[in-house]
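Following: one structure in structure tokens, then a few remarks.
The values are calculated or read from the model by the stated rules, or taken from the named source; none is laboratory data. Not measured: the values here are computed from a predicted model. No Cβ is skipped: glycine too gets one built from the backbone with ideal geometry, and neighbour counts run over all protein chains shown. Keep in mind that these areas ignore ligands, DNA and RNA; they rest on the heavy atoms of the full protein, side chains included. Shrake-Rupley method; radii C 1.70, N 1.55, O 1.52, S 1.80 Å.
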Amino acid sequence: QVQLVESGGGLVQAGGSLRLSCAASGRTSSSYAMGWFRQAPGKEREFVAAIRRNDGTQYADSVKGRFTISRDNAKNTVYLQMNSLKPEDTAVYYCARYSFGTSILIVTTTVAYWGQGTQVTVSS
């Protein structure tokens, strides 16, 4: 059974930084692409960032240059470093493990497992 447990969310002022962590149990996350999505109230869940098995990364245009996704395979953990945060970044952030071998990372339909989510609130 795969479990994804996020941590690191919280309240921060605009311009500040947070680092989210996602600890994975079960099959090693290094064999899968991993990602982060977010969902604001009244909106659909949207893609934020992903890291492939070969450590290639992909980002939503809205976070490019501000967010960085990384992984520590020894700890089976994926991180999302968020800098220069804006009020529009406020959302529940979800860790995702994709289905094995998927190459399409920006949609929710290729995600096999979700974490429970962690709230990020950016005040203006």
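Within region 99-122, the set of residues being touching a residue at least 60 places away in the same chain (Cβ under 8 Å), more than 15 Å from the chain's Cα centre (by Cα) and open to solvent by 80 Å² or more (accessible area, probe 1.4 Å) comprises just one member, PHE100. Within region 51-66, the set of residues being in contact (Cβ under 8 Å) with a residue 24 or more places away in the chain and either open to solvent by 80 Å² or more (accessible area, probe 1.4 Å) or not polar (S, T, N, Q) (or both) comprises ILE51, ARG52, ALA60, VAL63. For region 70-83, a tally of residues being within 19 Å of VAL2 (Cβ to Cβ) and either open to solvent by less than 80 Å² (accessible area, probe 1.4 Å) or part of a strand (DSSP E or B) (or both) returns 8. For region 84-96, the criterion of being in a loop (DSSP other than H, G, I, E, B), small (Gly, Ala, Ser) and open to solvent by 40 Å² or more (accessible area, probe 1.4 Å) is satisfied by at least one residue. Within region 6-32, if we keep just the residues that are over 11 Å from the mean Cα position of the chain (by Cα) and hydrophobic (A, V, I, L, M, F, W, C), the residue that is surrounded by the most Cβ atoms within 10 Å (Cβ to Cβ) turns out to be ALA24. Criterion applied to VAL2, VAL48 was being touching a Gly at 6+ places or on another chain (Cβ under 9 Å), aliphatic (A, V, I, L, M), within 18 Å of VAL111 (Cα to Cα) and loosely packed, with under 15 Cβ neighbours inside 10 Å, and the one residue passing it is VAL2. Taken as a whole, the condition of being modelled with pLDDT of 95 or more and within 21 Å of GLN116 (Cβ to Cβ) applies to ALA23.
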